[in-house]
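Please read the structure below before turning to the comments.
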Amino acid sequence: MKIGFQGWFLNKPYTGIGQHSLGLLRELALQKSTECVIPVPAPVAPKGIPKKWIHVLPAKAWLIHPALKKWYWERIQVPAFFATRKLDWEYYPYPTPLPSAGPHLRAITVHDLILWRDHRYQGNRLKSYYHLQARRALVHADQIFTVSQSVHDELGIPAADVLPNGAAQIPARLPKLNYEDALVYLGGYDIRKNVPQMVEAVANVKDPPRLILIGEAPHHSRYYPEIPEYPYTYPLGFLPDEEVYAVLKSAHAFINFSDSEGFNIPLLQAMSVGIPAIVRDIPVNREISNNAALFLPDTHSKGSLRKALSDKLTLLEDPAKRKAVIAAQKKAAARFSWEKSIRIFLSKLRTHEKR
């Protein structure tokens, strides 16, 4: 099987779509009967992906605005590039404003409906029109995937199939770091992640623990609010997977206040490495953790969140309860892997070809 795989996010491995793309492509590289053609807007050499699969397709320089460059690349350049290749499938790892027809079968994955429905992300008319066209592209897809059952239910397309995400493999040996008393946040910094709210909640519990922040905002705006600074808050910026796992493994617990997620890969990483996860009580977190996470109420009440966080931290002081939480979460995490996901991916594409 020969697959054209749109690679805009390959140089953004810290994003959910970037991890999705890397995870699937690394597994596809292990399949002897599969070959990929990957257009990317700039040179990139991800580990585990054959260099011969990568084709640099620069975004048009005459389009000065970055958003227009991306839009033109997605709608015009990539479909035109794929049309010159003999492919079995074109795969788009996120919805893009595609032309209505093409020479090959098309598959698209929907990660969430946040940019389509969440009023906090409503932008100007150009941005709104882009998202409208990206959503309409689903009509022209031969195969639609969602990254979780929660997104599947929200999308409301019965013919779609669930293609769950996985997490990067945990190295066999991890260095022991001095974070035994610390909480770790791993993820994005956009408004729905509620990182300022999380930092303030930790600051107001009795004897505040250290808070390790992995990741960073691309800029500060209404979409990326500034993070309060406290003496015990330690921002580490972006880290490679092996360092992420080393920090997580050495920490007291993982914490996440995000109120909207499509899959929540950081939660899966924390559960996989074996530390308790404290997260917002939203459907996808219950799905991914199989109800084994420690849940905070889905509210923006500072008092309610602070009390709930204090209660969870108190619970984790009991060694037996902590051990039981970790065991249940590791069992839940074992249900997911990129290897399992690629089997679903290829099975669905092959089944569709036989129709």
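Coordinate-derived values only; no laboratory data. Note that the structure is predicted; figures quoted are calculated from it, not measured. Here the Cβ positions follow ideal geometry from the backbone for every residue, glycine too, while neighbour counts run over all protein chains shown.
So here's what we get for this one:
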read-out: Choice from 24, 155, 305 showing the highest fluctuation, given a GNM over the chain with Cα pairs closer than 10 Å; value: 155
read-out: Relative contact order of segment 190-254, defined on C-alpha pairs under 8 angstrom at six or more residues apart (%); value: 36
read-out: Over 26 Å (Cα to Cα) - which of 69/348; 206/302; 47/70 fall in this group; value: 69/348
read-out: MRE, 222 nm, helices only [DSSP H, n ≥ 4, -39500 (n - 2.57), over the chain, to nearest 500]; value: -10500 deg cm²/dmol
read-out: For residue 258, residues with placed amide H under 5 Å, excluding near neighbours; value: 280
read-out: Nonlocal amide H pairs with residue 161, under 5 Å, H built at 1.01 Å; value: 144, 145, 146
read-out: Amide proton proximity set for residue 5, modelled H, under 5 Å, gap of 5+; value: 37, 38, 91
read-out: GNM flexibility winner over the chain from 290, 165, 178 (Cα, springs under 10 Å); value: 178
read-out: Shape of segment 200-288, Cα gyration tensor, a/c cut at 1.5; value: rounded
read-out: DSSP-defined beta bridges in the chain - what % are antiparallel, rounded to 5; value: 5
read-out: Peptides ranked, highest mean first, by Cβ atoms within 10 Å: ranges 71-81, 134-144, 242-252; value: 242-252, 71-81, 134-144
read-out: Three-way shape call for segment 231-355 based on the alpha-carbon gyration tensor, with the a/c threshold at 1.5; value: prolate
read-out: DSSP-defined beta bridges in segment 60-184 - what % are antiparallel, rounded to 5; value: 0
read-out: Cα centroid of segment 65-100 to Cα centroid of segment 152-191, whole Å; value: 27
read-out: Radius of gyration and maximum dimension Dmax of segment 150-304, Cα, Å; value: 15.7, 51
